[in-house]
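Everything on this sheet refers to the single structure shown next.
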Amino acid sequence: VIEFDEPHEDWLGHLAPTPKRVLKGLLDGGTSPEEAIELWLGGSHQANIAGMGGEGVPKKYSAVFMNELRLFICTDDPKYKDFRAQFPKINKGTGAAAISALSTAFASSLGVATVIIVPAIVLGLMTIAKVGATAWCERTKK
Amino acid sequence: MPIKTFALGRLEGGTVHLLGTCFLVKANTFATAAHTFDANDTNIVVVIPEDLNDFNAYQQQTRVGLQLVPLKLKDVDPVHDLAIFELAAGATMNSPHIPKLSSTDTTAVGDKVYTLGYPHSRWGMAIMVLQEATVGARVLVTKGTLQIRHVIINQQSVVGQSGAPVFAAKDGSVVGILVGAFAPSGGGGISMGGIDPQTLHQTSYAVSAEYLSGMLK
């Protein structure tokens, strides 16, 4: 399990202006980081509005994203072995580098644009930092 | 004179799959609805109209050799369903006509509006079509704890029109961006000939252009 030894609320500072503004609005209003991930990765398809664009039925990225995050944080799956070696702890000092490295890996793995995956990773790390990695891993165990 | 919009597509294996509509917001920048590219920004292109500055030119029903220009995702806000793409560094559109962005706040129920989009583009139709409509309601769409300003316009929308600007007839400003049509749970349950029957009505949603302005600051 990756260690989070310094839970803090500064994660949004890693984001570009648009996601920072939108997600701050959601979180300040009381939306949980988990709900915000759902909205960020699937917000276009919610609120009883069917999109009139795209190539077919939109994909549901939030579930696969959370699975991927769990794979990295909670398991010793070889897929993220190098990342875990590089980031045994995620804290204020390593946060930016971890977000950058994970974004590249997740964007490639999920086929999602980096500018979309970065805010999801930040929200994911905020969720985990809030409860602690061990508790989060236990809670999300299948 | 109305301003031309563009078809947005994805180039795969030499074939362009049209995804929706986009429009110029700067000489090198296009806006669209975020869901059109389903979070995947690879090989996105804009289709340049045949007669960019002649609004009334006849458009070819069957176009051969589409003029495509690659785009790079610049910024995205999936919660408000908006995205911004840019041309390659240094490139700009020739003689761009760029609309003024306003807000759904400037509209009233009953106001005349029109959209300029690319209906049926999923089936390869790359023809810009103007549709007149009326603002049927101003609505707040809840996403999480956000209340997002939209208008419902009395227009039946089909796939390809998302991302189309909604112009106010009174001053030509863009009050909103078309993002879809009402469907319980966002639709996707049944498809008949590629059309979700739950969307066969005249309740189309446009998100306020003020959120797009916020992304361009």
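Mind checking the log10 I(q)/I(0) for chain A at q = 0.13 Å⁻¹? Debye, one equal scatterer per Cα, no solvent, two decimals.
Relative scattering, expressed as log10 I(q)/I(0), comes to -0.55.
Could you pull out every residue, at least 5 positions away or on a different chain, whose amide H is within less than 5 Å of the one on B:I148? Hs are placed 1.01 Å off N in the peptide plane, and Pro or chain starts have none.
B:V141, B:T142, B:K143
Using each residue's phi in the range B:102-108, evaluate 6.51 cos²θ - 1.76 cosθ + 1.60 at θ = phi - 60° and report the 3J(HN,Hα) Karplus result to the nearest Hz, with x for Gly and Pro.
3J(HN,Hα) across the range B:102-108, in whole Hz: 10, 6, 5, 4, 7, 9, 10.
Could you compute the net charge surrounding A:T18? Neighbours are other residues with a C-beta less than 9 Å from the C-beta of A:T18; K and R count +1, D and E count -1.
My count for the surroundings of A:T18 gives 0.
Hey, got a sec? Which trypsin sites (Lys or Arg not before Pro) in the range A:50-123 land in a DSSP loop and have at most 14 other Cβ atoms within 10 Å?
A:K60, A:K92
What's the center-to-center distance, using Cα atoms, between the range B:1-78 and the range B:202-217 in Å?
18
Rg and Dmax of the protein assembly as shown, Cα atoms, in Å?
Calculated on Cα positions, Rg and Dmax stand at 20.9, 65 Å.
Run down the lysines and flag those whose C-alpha is under 19 Å from the C-alpha of B:K100, throwing out any fewer than 8 positions away in its chain.
Answer for B:K100, where 19 Å is the Cα cut-off: B:K4, B:K26, B:K112, B:K170, B:K217, listed by chain and number.
Find out how many positive minus negative residues lie around A:G124, taking Lys and Arg as positive, Asp and Glu as negative, among other residues whose Cβ is under 10 Å from that of A:G124.
For residues surrounding A:G124, the net value is -1.
If r is the Cβ-Cβ distance from B:H97 to A:L71 and R0 is 56 Å, what FRET efficiency results, to the nearest 0.05?
Calculated transfer efficiency: 0.70.
Below 20 Å, Cα to Cα, which lysines can A:K59 reach? Residues fewer than 8 away in the same chain don't count.
B:K143
Name the long-range amide H neighbours of B:L82: under 5 Å, sequence gap of 5 or more, or other chain; modelled H, no Pro or chain starts.
Close amide H contacts, sequence-distant or interchain: B:A34, B:D77.
Under a GNM of chain B (C-alpha, springs under 10 Å), which listed residue has the highest mean-square fluctuation: B:A181, B:A57, B:A34?
Of B:A181, B:A57, B:A34, the Gaussian network model singles out B:A57 as fluctuating most.
Explain nothing, just compute: Karplus ³J(HN,Hα) = 6.51 cos²θ - 1.76 cosθ + 1.60, θ = phi - 60°, for every residue of the range B:43-50 in order, whole Hz, x for Gly and Pro.
6, 7, 9, 10, 9, 7, x, 4
For chain B, what percent of Cα pairs sit more than 33 Å apart?
Roughly 9 percent, once rounded to a whole number.
Straight-line reach from A:K81: which lysines have a Cα under 19 Å away, not including same-chain ones fewer than 8 places off?
A:K89
For A:R139, B:R122, what's the fewest-to-most ordering of other Cβ within 10 Å of each Cβ?
Arranged by neighbour count, lowest to highest, A:R139, B:R122 become A:R139, B:R122.
On alpha carbon coordinates alone, what is the Rg over Rh value for the range A:34-92, Rh being the Kirkwood radius?
On the Cα set of the range A:34-92, Rg over Rh gives 1.14.
Would you compute, from DSSP H runs of 4+ residues alone, the mean residue ellipticity of the protein assembly as shown at 222 nm, taking -39500 (n - 2.57) per run and dividing by the full residue count, rounded to the nearest 500?
Here the helix-only value at 222 nm equals -7500 deg cm²/dmol.
Using the crude model of +1 on Lys and Arg Cβ and -1 on Asp and Glu Cβ, and no other charge, please compute the dipole size for the protein assembly as shown relative to its Cα centre, in debye to 20.
Its charge dipole is roughly 60 debye.
Any read-out appearing in this document is the output of simple, stated calculations on the displayed coordinates, not a laboratory observation. Computed from a prediction, not measured in an experiment: that's the story for all the values here. Cβ sites come from the backbone with ideal geometry, for glycine too, and all protein chains shown count toward neighbours.
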